[in-house]
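One structure follows; several queries about it will come next.
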């Protein structure tokens, strides 16, 4: 158990819909990262927050947005969903920023039909 | 931008044999991390290398960071069935914003008894 909690574990929805994925980092971790894992595409970095502020952005689509709240939990919002958005979305947390190991949650598997 | 590439994509190994997986970056890295993801699981941190030419060992696993800090390797000796999974390297470029940990596509390891 990494200490990172992600909900929901599985989500099935239709194209055009909007979903919210939630992540609670390990106790004491200030950084939260979001990654997308599609089949055969490895882990794609989406975005990182540190203590409530956006710190780094990867290849995150404009239809996607995220935020980190004062209690340090984070949400990833995916809107106008397309079939290609079906993937495993991982949240990870770390104590600080650029040198620490990442602790990954178990992921939220999104299926868009 | 920075790209992290891993070879081979797939590795079929007979139990007891050795193998090596390689990670190459298009730019100089400040550090490199290795993660293992078991089938159906989430990535789990294995190790971090920071210094040029650094070599670290964890039982049957040997990790190396290249002298130019652009490549890394993971060598596993006497492969066991418990080594099954996908091994990812992840690196931060020296000029990247400090959150942006880029993962390679991974080497999927299958072990035959």
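How many of the residues in region A:75-93 are outside any loop (DSSP other than H, G, I, E, B) and more than 14 Å from chain B (Cβ to nearest Cβ)?
Initially, region A:75-93 is screened for residues outside any loop (DSSP other than H, G, I, E, B), giving A:75-78, A:83-85, A:87-93.
Cutting the leftovers down to more than 14 Å from chain B (Cβ to nearest Cβ) gives us A:75-78, A:83-85.
Counting residues in region A:75-93 that are outside any loop (DSSP other than H, G, I, E, B) and more than 14 Å from chain B (Cβ to nearest Cβ) gives 7.
Right, residue A:72: buried (at least 20 other Cβ atoms within 10 Å of the Cβ), part of a loop (DSSP other than H, G, I, E, B) and in contact (Cβ under 8 Å) with a residue 40 or more places away in the chain or not?
On the way: buried (at least 20 other Cβ atoms within 10 Å of the Cβ): yes; part of a loop (DSSP other than H, G, I, E, B): yes; in contact (Cβ under 8 Å) with a residue 40 or more places away in the chain: yes.
Judged against the criteria, residue A:72 is a match.
Given the options A:27, A:65, name the one that is surrounded by fewer than 21 Cβ atoms within 10 Å (Cβ to Cβ), more than 10 Å from every other protein chain (Cβ to nearest Cβ), without any contact (Cβ under 8 Å) to a residue 60 or more places away in the chain and more than 13 Å from the chain's Cα centre (by Cα).
Exactly one of A:27, A:65 is surrounded by fewer than 21 Cβ atoms within 10 Å (Cβ to Cβ), more than 10 Å from every other protein chain (Cβ to nearest Cβ), without any contact (Cβ under 8 Å) to a residue 60 or more places away in the chain and more than 13 Å from the chain's Cα centre (by Cα), namely A:27.
Ok, one more. Identify, from the list A:54, A:101, A:106, the residue that is part of a loop (DSSP other than H, G, I, E, B) and free of Cβ contacts under 8 Å to residues at least 60 places away in the same chain.
On the way: A:54 fails: part of a loop (DSSP other than H, G, I, E, B); A:106 fails: free of Cβ contacts under 8 Å to residues at least 60 places away in the same chain.
Matching residue, one of A:54, A:101, A:106: A:101.
Here are some conditions: (1) more than 10 Å from every other protein chain (Cβ to nearest Cβ); (2) more than 12 Å from the chain's Cα centre (by Cα); (3) surrounded by 13 or more Cβ atoms within 10 Å (Cβ to Cβ). Residue A:55 meets all but one. Which one does it not meet?
Only one criterion in (1) more than 10 Å from every other protein chain (Cβ to nearest Cβ); (2) more than 12 Å from the chain's Cα centre (by Cα); (3) surrounded by 13 or more Cβ atoms within 10 Å (Cβ to Cβ) is unmet by residue A:55, namely (1).
If the requirement is being closer than 25 Å to residue B:39 by Cβ, modelled with pLDDT of 95 or more, exposed (fewer than 14 other Cβ atoms within 10 Å of the Cβ) and over 10 Å from the mean Cα position of the chain (by Cα), which of these qualifies: A:110, A:83?
A:83
Taking residue A:8 and the conditions (1) closer than 16 Å to residue A:86 by Cα; (2) over 15 Å from the mean Cα position of the chain (by Cα), which numbered condition does it fall short on, given that it satisfies the others?
Status for residue A:8: all satisfied but (2).
For the condition loosely packed, with under 13 Cβ neighbours inside 10 Å, facing chain B (nearest Cβ under 10 Å) and over 21 Å from residue B:105 (Cα atoms), what is the one hit in A:4, A:96?
None of the others qualify; the one that does is A:96.
For every residue, the table says whether it meets (1) out of contact with any strand residue (DSSP E or B) (no Cβ under 7 Å at 6 or more places or on another chain); (2) modelled with pLDDT under 95; (3) under 27 Å from residue A:89 (Cα atoms).
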site: B:14; (1), (2), (3): no, no, no
site: B:29; (1), (2), (3): no, yes, yes
site: B:54; (1), (2), (3): no, no, no
site: B:75; (1), (2), (3): no, no, no
site: B:93; (1), (2), (3): no, yes, yes
site: B:109; (1), (2), (3): no, no, yes
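Turning to a different aspect of this structure: Only one of B:58, B:64 is free of Cβ contacts under 8 Å to residues at least 40 places away in the same chain and surrounded by 15 or more Cβ atoms within 10 Å (Cβ to Cβ). Can you tell me which?
Going through B:58, B:64 in turn, the sole match is B:64.
Okay, residues lined up against (1) surrounded by 18 or more Cβ atoms within 10 Å (Cβ to Cβ); (2) more than 12 Å from the chain's Cα centre (by Cα); (3) closer than 26 Å to residue A:33 by Cα:
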residue	(1), (2), (3)
B:4	yes, no, yes
B:15	no, yes, no
B:30	no, yes, yes
B:36	yes, no, yes
B:42	yes, yes, yes
B:71	yes, no, yes
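The values are calculated or read from the model by the stated rules, or taken from the named source; none is laboratory data. Remember, predicted model here, so these are calculated numbers, not experimental data. Neighbour counts are summed over all protein chains in view; Cβ atoms, including those assigned to glycine, are modelled from backbone coordinates with ideal geometry.
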